[in-house]
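Q: Mind looking over this structure? Questions follow.
The values are calculated or read from the model by the stated rules, or taken from the named source; none is laboratory data. Please read these numbers as outputs of a predicted model, since none were measured by experiment. No Cβ is skipped: glycine too gets one built from the backbone with ideal geometry, and neighbour counts run over all protein chains shown. Heads up: the accessible areas ignore ligands, DNA and RNA and are worked out on the full protein's heavy atoms, side chains in. Shrake-Rupley method; radii C 1.70, N 1.55, O 1.52, S 1.80 Å.
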Amino acid sequence: MCGIVGYIGKKNAVPLLIEGLKALEYRGYDSSGISVIDKKEIKTTKASGKIINLIDKLFKKPLSGNIGIGHTRWATHGEPNEINAHPQQSKEVTIVHNGIIENVEEIEIFLGEKEYERKSQTDSELIAHLIDYFYNGSLLNACLKAVHILNGSFAVGVICKQEKKLIGIKYKSPLVVGIGDGENFIASDVAPLLPYTNKFLFLDDGEVTEIDENNIKIYDFQGNKIKRSVSVVDWTREQAEKGGYKHFMLKEIAEEGDAARNTLLGRIDDNLALQEELKWNTNFMDSINRIVIAACGTSYYAALIGRYILQNIAKIPTTAEIASEFRYENALLDKNTLFIVISQSGETADTLESLSYAKSQGIPTLSIVNVQGSSIARMSDYVLYTHAGPEVSVASTKAFTSQLAILYLFTLFLSRTKKTLNNQQLKDYTKELLKIPDKINETFEINLQKMQSIAPHYSQFKNYLYLGRGILYPIALEGALKLKEISYIHAEGYAAGEMKHGPIALIDKVTPSVFLIPPSSLLLNKTLSNMKEVNSRKGEIIAVTTDKFEKIEDASLVLTTPSTDLIFSPFLYIVPLQLFAYSIASYLGYDVDHPRNLAKSVTVE
Ligand code: AGP
């Protein structure tokens, strides 16, 4: 998705804008550009392709100015080329935009052909013309008028050659304000600003901010002034850097145990969970007799795990929904339903729209989000933040296990209130949950060594089946997604019991099957017999299991985890699968952190 960065202060904005755009690369883009105000003129340089092309241009023809905006563009309207790259310009006004304008024709009619000659194929250019149309000496007022004409989603950075101001506009697309010393910033998220500040103002939908080097004012779209408290984000730049690993993805898998620990920290006390954050009275708790969870991608697989534990441990009927399906279903949600959304970025359009639908039904909403101050977090009645730190790699890893940590905390919270676990069971559950971060770290160490040696063999296959039962079925789905999205090898997650209903026809010696062998006798025997069926058809088997069952004669490769209860096995079983996918993609030489066609945050539908 597009990335925005803006600066106003005493320094030359150009190097800061470029560094900011580099820190936004993970959002996925196909062109970039910057504009600065240089002695009452706006100077702009744009380039298609990677940011290095923009830097080359600036090297040949430098710019300087202490007010500026920058943009990395993920094409939605208009092909990825220089003309369509941002910033987009009008007569007095230049803008950068993240989102989609949905009433392009209406705006063109409003502006009238004579007024503005369209240069690009983008919807964003119209925002510049619209603000320019209303400009009469106050950039803020012009923006406050323009926003009432725009439909769709828009995070906009605006500069005008007549004014020493930087304007930010936020509606259904992310934008934060960074507070510096004698300088201020805007950006799509906190990461690009961490080198300069850890103090932020998070804008809500329907807000405009007017910034100069010493002042930050926030208004609603009606022009009413808004007070917003400063948020201090505890991420350092180092956290957002690679920390010595070859890719962010490997760094983030290595961080998984600590991310889970940080997410659990301070939220369990004497088998009591989330007491500080969820001060829900018993009437409210008793009223919840159904839970619906909506999410996309990896977060949806976390939702499937959530469904399993909430239903089996907290004994609450729970469904997990794919957000892009759910939002068009006009689902029946009654007042006794708790609606949960899960999102690492907190900006995924389909998840946001599902949340918005649930709110329109007047039911209580809870979000599980990693990015502090993100749109989903601010729209929900309650938010439980994962404390995974910035997850830069497009492939979600530590955010996933941190989402699980929140879901297991929430299950403990409900089980205690609804008395579905006795005291001993609560103690045992809490004890094992608190051991999980160390067991995740141990699983990483055990399997990392193996990965370098196995990649050459396993990277040659074109198709994989991933098979799991019960609580491990969602892990089969997530393991398959990891392989697909970074190594471009086809992989399909399946419920192991479904093999004989079709997929077994796929088995041959060039289609390996990855079996998740559950640490429990009931499911174990059935899974072992599934493996024999595959083995007898010359299918190669990779097994993931706890160290208790290390001897699996049918498997050509066994990836192990420390022992744990079946109910906690998702935390550990996913780690070897993340490493397996990573080692193959890395061995194949792919851009692991920026896989083709994918973006870290899908903020458009
Ligand atoms: C996971 O590796 C992918 N990057 C993708 O499926 C992702 O989980 C999905 O787009 C949801 O993103 P979110 O958690 O930020 O809402």
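Q: So what's the net charge close to K50: Lys and Arg +1, Asp and Glu -1, counting the other residues with Cβ under 11 Å from its Cβ? Write down the numbers at each step before the final one.
A: Details: positive: K22; negative: E25, D30, D56, D591.
Result for the local shell: -3.
Q: Filter K315/K439; K50/K164; K43/K165 down to the pairs with a C-alpha to C-alpha distance above 18 Å, please. Could you put the intermediate results ahead of the total?
A: Details: K315/K439 27 Å; K50/K164 30 Å; K43/K165 16 Å.
Pairs exceeding 18 Å: K315/K439; K50/K164.
Q: What percent of all Cα-Cα pairs in segment 1-107 falls into each 10 Å bin, going from 0 up to the bin containing the maximum distance?
A: 16, 50, 28, 5, 0
Q: Out of L126, F110, G3, whose Cα points farthest toward the positive end of the dipole of segment 1-157 (charges: +1 Lys, Arg; -1 Asp, Glu; placed on Cβ)?
A: About the Cα centre, the residue reaching furthest to the positive side is G3.
Q: A further question on this structure: With r defined as the distance between the Cβ atoms of Q162 and E605 and R0 fixed at 51 Å, what FRET efficiency is calculated, to the nearest 0.05?
A: Between Q162 and E605 the formula returns 0.90.
Q: May I ask for the percentage of alpha-carbon pairs in segment 34-85 that lie more than 12 Å from each other?
A: Numbers: 845 of 1326 pairs.
When every Cα pair of segment 34-85 is considered, 64 percent fall beyond 12 Å.
Q: Another question about this same structure. Please state the charge dipole magnitude for the chain, taken about the Cα centre, from unit charges on C-beta atoms (+1 on K and R, -1 on D and E), reported in debye and rounded to the nearest 20.
A: Values: 65 positive and 71 negative charges, 125 e Å.
Dipole size: approximately 600 debye.
Q: Now for a separate question. Could you estimate the translational diffusion coefficient of the chain from the Stokes-Einstein equation, with Rh from the Kirkwood formula over C-alpha pairs, at 4 °C and 1.567 mPa s, in whole µm²/s?
A: Details: Rh = 25.3 Å.
Reported coefficient: 51 µm²/s.
Q: Hey, can you find the accessible area per residue of segment 399-440 for me, probe 1.4 Å, expressed in square angstrom? Write out the running numbers ahead of the final one.
A: On the way: 1490 Å² over 42 residues.
In whole numbers, segment 399-440 has 35 Å² accessible per residue.
Q: Going down the list K10/K170; K39/K60; K22/K60; K435/K551; K435/K526; K500/K548, which pairs span over 22 Å between their C-alpha atoms? Please report the intermediate quantities before stating the final value.
A: Numbers: K10/K170 25 Å; K39/K60 20 Å; K22/K60 19 Å; K435/K551 25 Å; K435/K526 28 Å; K500/K548 28 Å.
Those over the limit are K10/K170; K435/K551; K435/K526; K500/K548.
Q: Please give the net charge around I489, taking every other residue with its beta carbon less than 12 angstrom from that of I489, where Lys and Arg add +1 and Asp and Glu add -1.
A: Values: positive: K462, K482, K484; negative: E485, E492.
Overall, the nearby charge balance is +1.
Q: Net charge around R228, counting only other residues with Cβ within less than 15 Å of its Cβ (Lys, Arg = +1; Asp, Glu = -1)? Let's see the in-between values first.
A: Working: positive: K170, K199, K217, K225, K227, R378; negative: D204, D205, E207, E210, D220.
Cβ neighbours under 15 Å give a net charge of +1.
Q: Further question: Ignoring ligands, DNA and RNA, please state the percent of accessible area on segment 382-432 from carbon and sulfur, probe 1.4 Å. Each step should come with its number before you reach the end.
A: On the way: 750 of 1510 Å².
It is 50 percent, rounded to a whole number.
Q: Still on this structure: Only bridges whose two residues both fall in the chain count here: according to DSSP, what percent of them are antiparallel, nearest 5?
A: Values: 63 of 100 bridges.
Antiparallel bridges: around 65 percent, rounded to the nearest 5.
Q: For segment 273-370, which trypsin sites (Lys or Arg not before Pro) are in a loop by DSSP, counting at most 12 other Cβ atoms within 10 Å? Present the calculation step by step, with values, prior to reporting the outcome.
A: Working: sites: K279, R290, R307, K315, R327, K335, K359; in loops: K279, K315, R327, K335.
In loop regions of segment 273-370 (DSSP not H, G, I, E or B), the sparsely surrounded trypsin sites (Lys or Arg not before Pro) are K279, K335.
Q: So, one more: Give a residue-ordered list of calculated ³J(HN,Hα) values for segment 278-292 (Karplus: 6.51 cos²θ - 1.76 cosθ + 1.60, θ = phi - 60°; whole Hz; x for Gly, Pro).
A: Couplings: 10, 8, 8, 7, 5, 4, 5, 4, 5, 6, 7, 10, 7, 10, 10 Hz.
Q: Same structure again: Could you rank the peptides 31-38, 520-527 by their average count of other C-beta atoms within 10 Å per residue, with the highest value first?
A: Details: 31-38: 26.2, 520-527: 14.8.
Highest-to-lowest ranking by the protection proxy: 31-38, 520-527.
Q: Oh, and also: What value, in deg cm²/dmol to 500, does the helix sum -39500 (n - 2.57) over DSSP H runs of n ≥ 4 give at 222 nm once divided by the residues of the chain?
A: -11000 deg cm²/dmol
Q: Between M285 and E533, what is the label-point separation in nm under the 7 Å Cα-to-beta-carbon projection?
A: For E533 paired with M285, the spin-label model returns 4.3 nm.
Q: Counting only protein heavy atoms and using a 1.4 Å probe, what share of the accessible area of segment 231-332 belongs to carbon plus sulfur, as a whole percent? Walk me through the intermediate numbers first.
A: Values: 2330 of 4800 Å².
Looking at segment 231-332 in its full context, I get 49 percent from C and S.
Q: Give me the percent of accessible area attributable to carbon and sulfur for segment 133-225, probe 1.4 angstrom.
A: On the way: 1230 of 3070 Å².
On segment 133-225, the fraction of accessible area on carbon and sulfur atoms equals 40 percent.
Q: Report P(r) for segment 545-605: all Cα-Cα distances, bin width 10 Å, range 0 to the bin holding the largest distance, values in whole percent.
A: 18, 34, 27, 18, 3
Q: Next up: Give the accessible surface of segment 135-188 per residue, rounded to a whole number of Å², with probe radius 1.4 Å and ligands, DNA and RNA excluded.
A: Numbers: 1510 Å² over 54 residues.
On a per-residue basis, segment 135-188 sits at 28 Å².
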